[in-house]
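Here's the structure, in structure tokens; my notes come after.
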Amino acid sequence: MLSNEENPTPIVRLNRVVPFKHARIYAKLEWYNPFGAVKDRVAANLIRDAEEKGRLGPGNKLVEATSGNTGLGLAMMGNALGYPLRTPLSAAIPQEKRTVLRFLGADVDELDDTLCPAPGAPEGAIAKAHATAKQPGYVMLDQYSNEANPDAHFRTTGPEIWRQTEGKITHFIAGLGTCGTITGTGRFLKSKNSGVKVLGVYPEEGHDIPGVRSKRQLGQTKLYFPKEYDGEIEVTDRDAYDLCLRLNREESIVAGPSCAMALVGALKLVPDEPGVIAVVIFADNIFKYASSVCRHFPELCPPPPGSLADGGTPTMAAPSAHERLFDEMVENLKNPYDSVAVSDLAKEIDGAAPAASRPLVIDVRPQDQYADMHVPGAINLPQSDLSKRKTELPADRNAPIVMVCGIGKFSKHTTLFLKSLGYRNVRSLKGGIGEWVRKQQPVEKS
Ligand SMILES: Cc1ncc(COP(=O)(O)O)c(C=O)c1O
């Protein structure tokens, strides 16, 4: 059932979106793996390795922080083998993946973490997974540091590509997440021909491409070995989503956003020369990303009549019961000033704005995430401490306050909390620090 040299995922030549005359660019379609993504290879190898080492066996439960795809593979293999999965993950991961994980039987803990879990964040998904792993019966396979992750690609992805290209591959390109794909496949291909160029593609800071990590986020990953790669390039969300649309419409290939990101990078890094045969990993397909599509092509997702009273971002995915309840609470307040857009907050805190009307910006993320980057002048009152540290809030209940979190969700909760304390002029930053960075606003470190 799992792919291997004899039963590989297909590679197809890309024609219409490739402007080259000589170089041939192939996509390796990883959604042909049984649970829909390149990560099925990793899930299978993590389990095999842990069983062989005696770390995992009957009666154990799995816990793993994931951006979704590893969780989907582990959930399904766990169902088959009798290992229930618990997965702490970011609420920024597409709703489609979170809901399907629950549908498959996984126990999902949603957190206000970044889109890709940050290994150092004490209150992020990875720390939560480590904490759970200390409980009896739980085993964490840790795709972020486990060599069985690249080894999955050394054993399967590399040999498949070598055989499918009859040893003629000259360039291998992958998007960078945990870096298991580039590291393991690259090592195999270079073991066959040290001249094969191994190239990595990563998204811009503050990106909205599930599964991959910005340059800063890559620095936190133990399987990122830049010295083993021959080149790396950054790609913007805009370029990736635009090419994603073209791949689907012009090539009839149902590629997801990270595939298009990798291809944008390949088209910039690979030379258009005779004899060039490049293979790009297409990690998963577009069907899991309806909510991402709605953010990047809002014109494709008109809201149902009357559903956007607060001017929010339309989304095609059905909200969870929790989100519905929360949205109702916000709606019930009937206050159009409950949230503030990035562009408006930027004007309000600009040096030119009168000091008296400048809002106090409160970042409610964990301290380390705040330290890493925050809205200039923001103070940090983590959500978990807020009720203990109420005395640090302004005495004046009319003071203008803006709450900021990672993605604009937890700041809404804290906005309501402050309102319950009597603050009349408190708003939540729409889209959180992620949107602030995407809109290229300045940030401060501390
Ligand atoms: C959609 C998607 N693209 C790309 C990647 C990156 O692969 P890797 O983690 O092997 O670097 C992932 C990993 O989760 C993914 O889910």
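The values are calculated or read from the model by the stated rules, or taken from the named source; none is laboratory data. Quantities reported herein were computed from a predicted structural model and do not represent experimental measurements. When we count neighbours, we look across all protein chains shown, and the Cβ atoms used for this are built from the backbone with ideal geometry, even at glycine. Heavy atoms of the whole protein, side chains included, go into the accessibility calculation; ligands, DNA and RNA do not. Shrake-Rupley method; radii C 1.70, N 1.55, O 1.52, S 1.80 Å.
Placing unit charges on C-beta atoms (Lys and Arg positive, Asp and Glu negative, everything else neutral), compute the dipole magnitude of the chain about its Cα centre in debye, rounded to 20. Write out the running numbers ahead of the final one.
On the way: 53 positive and 53 negative charges, 41 e Å.
Value, rounded to 20: 200 debye.
To the nearest 10 square angstrom, what accessible area does Glu51 show with a 1.4 Å probe?
Estimated to the nearest 10 Å², Glu51 gives 70 Å².
Give the ranking of Arg48, Arg249, Arg427 by solvent-accessible surface, highest area first, calculated with a 1.4 Å probe.
Values: Arg48 60, Arg249 155, Arg427 35 Å².
The ordering from most to least exposed comes out as Arg249, Arg48, Arg427.
At a 1.4 Å probe radius, which order do Lys134, Lys222, Lys227 fall into by accessible area, largest first? Walk me through the numbers before you get to the answer.
Numbers: Lys134 175, Lys222 145, Lys227 200 Å².
Final ranking, largest accessible area leading: Lys227, Lys134, Lys222.
Order the following by accessible area, largest value first: His413, His130. Probe radius 1.4 Å; ligands, DNA and RNA are ignored.
Values: His413 55, His130 85 Å².
Sorted by accessible area, descending: His130, His413.
When the label point is put 7 Å from the Cα of Gln135 along its Cα-to-beta-carbon vector, which residues of region 32-63 have a backbone N closer than 16 Å?
59-63
Across region 334-438, how many lysine pairs separated by 8 or more positions, or lying on different chains, have Cα atoms within less than 19 Å?
Taking the Cα cut-off of 19 Å, the pair count is 13.
How about region 143-192: which GluC sites (Glu not before Pro) there lie in a loop by DSSP and see at most 11 other Cβ atoms within 10 Å?
Working: sites: Glu147, Glu160, Glu166; in loops: Glu147, Glu166.
Taking region 143-192 and a limit of 11 other Cβ atoms within 10 Å, the loop GluC sites (Glu not before Pro) found are Glu166.
Keeping every protein chain present and rolling a 1.4 Å probe, give me the accessible area per residue for the chain in Å².
Numbers: 19000 Å² over 446 residues.
On a per-residue basis, 43 Å².
With a point put 7 Å past each Cα toward its Cβ, work out how far Asn193 is from Ala356 in nm, to one decimal.
Here the answer is 7.3 nm between the modelled labels.
Tell me, what is the Rg over Rh of the chain, with Rh the Kirkwood radius over Cα pairs?
That ratio equals 0.99.
Which residue fluctuates the most in the chain, going by a Gaussian network model with Cα springs under 10 Å, if the choices are Gly219, Gly180, Gly275?
Gly275
Which is farthest toward the positive dipole end of the chain among Ile407, Ala356, Gly186, measuring Cα position about the Cα centre, with Cβ charges +1 (Lys, Arg) and -1 (Asp, Glu)?
Comparing the listed Cα positions along the dipole, Gly186 ranks first.
With a 1.4 Å probe and every protein chain kept in, tell me what percent of the accessible surface of the chain is carbon plus sulfur. Spell out each step's value before the answer.
On the way: 10280 of 19000 Å².
It is 54 percent, rounded to a whole number.
P(r) tail for region 334-438, what percent of Cα pairs lie past 21 Å? Write down the numbers at each step before the final one.
Details: 1435 of 5460 pairs.
Percent of Cα pairs beyond 21 Å in region 334-438: 26.
Starting from 0.36 nm per residue, how many nanometres of slack lie between Arg246 and Lys390 once their C-alpha separation is accounted for? Let's see the in-between values first.
On the way: separation 144, 0.36 × 144 = 51.84 nm, distance 5.07 nm.
So the chain would gain 46.8 nm between Arg246 and Lys390.
Based on Cβ point charges of +1 for Lys and Arg and -1 for Asp and Glu, what charge dipole magnitude is obtained for region 39-139 about its Cα centre, in debye rounded to the nearest 20? Walk me through the intermediate numbers first.
Values: 12 positive and 12 negative charges, 50 e Å.
So the dipole magnitude of region 39-139 works out to roughly 240 debye.
Nearest 5 is fine: what % of DSSP beta bridges in the chain come out antiparallel, could you say?
Details: 7 of 46 bridges.
Bridges in the chain are about 15 percent antiparallel.
Which value, in debye to the nearest 20, gives the size of the charge dipole of region 168-255 about its Cα centre, when Lys and Arg are +1 and Asp and Glu are -1 at the Cβ? Please report the intermediate quantities before stating the final value.
Details: 13 positive and 12 negative charges, 118 e Å.
In debye, rounded to 20, region 168-255 gives about 560.
What figure, in Å² to the nearest 10, do you get for the accessible area of Val280 with a 1.4 Å probe and non-protein molecules left out?
Around 0 Å² of this residue is reachable by solvent.
For n ≥ 4 DSSP H runs only, could you compute -39500 (n - 2.57) per run for the chain, divide by its residues and tell me the 222 nm figure to the nearest 500?
On the way: 16 runs with 152 residues, N = 446.
It lands at -10000 deg cm²/dmol.
What do you get for the angle between helix 257-269 and the principal long axis of the chain? Use alpha-carbon atoms, 0 to 90 degrees, nearest ten.
60 degrees
Quick one: grab Rg to one decimal and Dmax as a whole number for region 157-235, Cα atoms only, in Å.
Rg and Dmax of region 157-235, Cα atoms, are 12.7, 39 Å.
Hey, rough spin-label estimate for Arg55 and Ser420, points 7 angstrom out along Cα→Cβ, what's it come to in nanometres?
4.1 nm
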